[in-house]
Each structure stands twice: as C-alpha cells, then as structure tokens.
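A.B. asks: Below are the structure tokens for one structure; questions will follow.
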Ligand SMILES: C[S@@+](CC[C@H](N)C(=O)[O-])C[C@H]1O[C@@H](n2cnc3c(N)ncnc32)[C@H](O)[C@@H]1O
C-alpha cells in the first residue's frame, strides 16, 4: 500500500508559493485601472468598445495567425495506444493532470446540481475537447447533454467515435447523455450559431488545457470568453486549466534566458520578456510527445476584467499545487486508481520513470524525515522532479455567470 506524500510537492524548488506571484506581477507591470500603452494600442487596433460584444462582432475580420499551426499540430498528433502510453516518460504526469480535471469537474458538477431542480437537465459545453479525454468524467457526472467542439477535425472525429463506443459498452450500467460534435475555432467563430439549438441554456462550460490559445489577440480572447459565457445560465460555471503566466515569468527570470525547461518540458519565448504584451505574448511550448506548438501568456488580471464584461465573475483560482493539497483528502482513492502518482522506491525489479537519483531526492528526504519522527513509510506516492515542474506550471480557475438586468436607461448590466 502506498503512503501518499501530501507535502512532497512543496519540496520541489520550482513551486515556492507566493514569491512566484510577485515576480510575475512585476514582469507584467500592469495597472488594472490604467492600461499601459501597448494595451491601449491593441485596444485601438481592434476598436474595442466597453459594451459587451462590440469588438467580437468584428471578429470575422481577424485571422488568428497561429490557430492554423495549432490545429495542424493537434490534427497530426498520433493517437498512442495503451502500451505506448504506459511507457511514456510523462505517464504519471498525464494521469496526475487527468486527476486534477476529474476533481475540478466533480467539484463543479456537484455545485451545479445543488442548485438544479429535481429532474432538470444538466447541459455542458466541452470547449476545445480534444479527443474526448473527459467523456467519462461527464458520464460519471450524470449530465444530460454535452456539446463537444475543437479546432482539430481529426480530434473531433475521434471524440465522436469514443462517445459512440462508450455508450455502446456501458449503456446498461451508466447514465446516458446525448451529445453533439463539431470542429470550430472558438477564438474566431461564434459557437452558438453551430449548436443544434441556438437557444440552449448551459449549466457548465469546461475548457481544459486550451484557453490560453485565445490570448493571441484581444478580439480572439473576447470571442472565446463570449463563447464560454453567452449560453451559460446565471449561476452556471466556466471552469478550466491554463498555464500560470506568473510562474512562467518567474522561471524565465530565474533562467535568465528565453529558453528554459527540463527533460519533459521546454519553453522558448518569442516575445519581449522584459515587458511581455498583454496579448500575443508568444512562446513555443514543448511537452514530451504531447504538445509542440505556440502558446500565449494569459495575464490573469486582464482575463478577470474581460470575463466581467461578459458577465463572468471569478470565484476560484488555484495553482495545481494548492488545488492538489485541497483535493487530496477526498481524491486519494481516485488518484491511486488513476495512477496519478508514482510509487517511490520502485517495486522490486521495476524502474522509476525519471531514472534514479536527483529526480526523487524530495521523496527520499520526506521518507527520511518520516523515519526520524518514528513514522517510517515503506513507499510514497510522488512525481519525478521534472514532471512536477511541468505540472506546477498550471492553475485551475472557475468563473460564475452573473445575472443580467437592465438599468433605467435600458442598458444591460450584470449583478451577483
Ligand atoms: C492540450 S489539448 C487539450 C484537450 C482536452 N481539453 C483535454 O484536456 O484533454 C488542447 C486542445 O485545444 C484545441 N484548440 C487549440 N486552439 C483552439 C481553438 N482556437 N479553437 C478550438 N480548439 C482549440 C486543440 O486542438 C487541442 O485539442
């Protein structure tokens, strides 16, 4: 039986808490009230009006320069079989990330259900759904209807096939839900126009490991946020996972280079790292065998501000390390089942995914400490240092849809 090391991750050098936030904030030098010149310039360029939707109504004119590159990358990404996946250097990291998503989905499905009347439908949009890695989570959540969309046609087709197979297999034992699928660029196109029913009310919108692609430009960010918000019912949630720009900038400063990383991930900046722009702060991201394409920093205060404009209020933002700490008491069984942590030391004759030595020094230290306190543990659950450095680049967020009312001048405004 594995002992789970709840503070194993605190000991890795890259996840050092609040300091990281400060470095990133300085790097961005953003004054929320007075957008600095570059922001103003971009706003002028896209003719942004403070009224909801003004700039996104012009989205057809813009052309996300990088979205085609991203689509091509995901369209050509090979679907690896189980055997290959088991051999991957980032096997545990992928499972860990999947566990994070499971806990997040579970938490918000539960919240949504608390406010639903008995028997009322629960409808979900999985924006940038990929190959459908979260289908099982939706099934377990007992939802009624799912909309799946992604820019990569190949992924959407795999997602549809996976859904068909899943339903055929589990029909008798698991709750069924209806689903629709279409390929579409969520940063350029209005999703509502593609839904079977454009008047649909959604309870939950999920965008996992993908929202950051929209920070290529302000109109794209607005388009994606509007897509997330406009069909959500008041009280419904928009949840997601994105790289934490503060943490990325902190590591960039530490490395004193445009390129940094380890043997599982690398980041190669393609913009001014002294004063990264609010939109289009581009870097190439490489994650061993899974991702290799341009991404954009998401300046969180800007996201919060834009989201408010579309009636979304921030309710939760946690870095993966903090979210893990909060969730592990109730998610311990699941993380073990999903193999989201690696057992250290390896079982007899087994190999550790990160090789031996310094990749597990934190776990060994923890075990030594436990032993010195008279609580020896034979084995602990952990991630190799490099995998944890990749996982701890990310954060989870949740926004709640506010209620729209009209003021005496006939202008819409959002209230809690
Ligand atoms: C890292 S994958 C995550 C997939 C899935 N959400 C998951 O968690 O397994 C990122 C996904 O975002 C999709 N994507 C990237 N840019 C997009 C865009 N502009 N519109 C829609 N989907 C996009 C990619 O095709 C890819 O499937």
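A.B. asks: Just give me the residues in the range 387-405 being in contact with a strand residue (DSSP E or B) (Cβ under 6 Å, 6 or more places away or on another chain) and either outside any strand (DSSP E or B) or free of Cβ contacts under 8 Å to residues at least 12 places away in the same chain (or both), in sequence order. Don't jump to the end; show me each part of the working.
C.D. replies: Start the filter on the range 387-405 by keeping residues that are in contact with a strand residue (DSSP E or B) (Cβ under 6 Å, 6 or more places away or on another chain), which leaves 390, 393-405.
Once the filter is applied, which keeps residues that are in contact with a strand residue (DSSP E or B) (Cβ under 6 Å, 6 or more places away or on another chain) and either outside any strand (DSSP E or B) or free of Cβ contacts under 8 Å to residues at least 12 places away in the same chain (or both), the range 387-405 yields 390, 393, 402, 405.
A.B. asks: Within the set of pairs 6+ apart or on separate chains, which have a first residue in the range 71-91 that is closer than 14 Å to residue 153 by Cα and modelled with pLDDT of 75 or more, a second that is within 11 Å of the ligand (Cβ to nearest atom) and not in a loop (DSSP other than H, G, I, E, B), and C-beta atoms under 6 Å apart?
C.D. replies: From residues that are closer than 14 Å to residue 153 by Cα and modelled with pLDDT of 75 or more, the pairs are 73/293; 74/155; 75/154.
A.B. asks: Among 234, 294, which is within 18 Å of the chain's Cα centre (by Cα), touching a residue at least 24 places away in the same chain (Cβ under 8 Å) and either surrounded by fewer than 24 Cβ atoms within 10 Å (Cβ to Cβ) or not in a loop (DSSP other than H, G, I, E, B) (or both)?
C.D. replies: Numbers: 234 fails: within 18 Å of the chain's Cα centre (by Cα).
Residue meeting the stated conditions: 294.
A.B. asks: Next question. Exactly one condition in (1) over 30 Å from residue 296 (Cα atoms); (2) modelled with pLDDT of 95 or more; (3) assigned to a strand (DSSP E or B) is not met by residue 329; state its number.
C.D. replies: Answer for residue 329: the failing condition is (3).
A.B. asks: Read through the list (1) buried (at least 23 other Cβ atoms within 10 Å of the Cβ); (2) away from the ligand (no atom under 16 Å from the Cβ), then give the number of the only condition that residue 269 fails.
C.D. replies: All conditions pass for residue 269, except number (1).
A.B. asks: Quick check: anything in the range 340-357 modelled with pLDDT of 95 or more, touching a helix residue (DSSP H, G or I) at 6+ places or on another chain (Cβ under 7 Å) and either part of a helix (DSSP H, G or I) or loosely packed, with under 13 Cβ neighbours inside 10 Å (or both)?
C.D. replies: No, the range 340-357 contains no residue that is modelled with pLDDT of 95 or more, touching a helix residue (DSSP H, G or I) at 6+ places or on another chain (Cβ under 7 Å) and either part of a helix (DSSP H, G or I) or loosely packed, with under 13 Cβ neighbours inside 10 Å (or both).
The values are calculated or read from the model by the stated rules, or taken from the named source; none is laboratory data. Because the structure is predicted, anything quoted here is derived from the model rather than measured. Here Cβ is always computed from backbone atoms with ideal geometry, including for glycine, and neighbour counts include all displayed protein chains.
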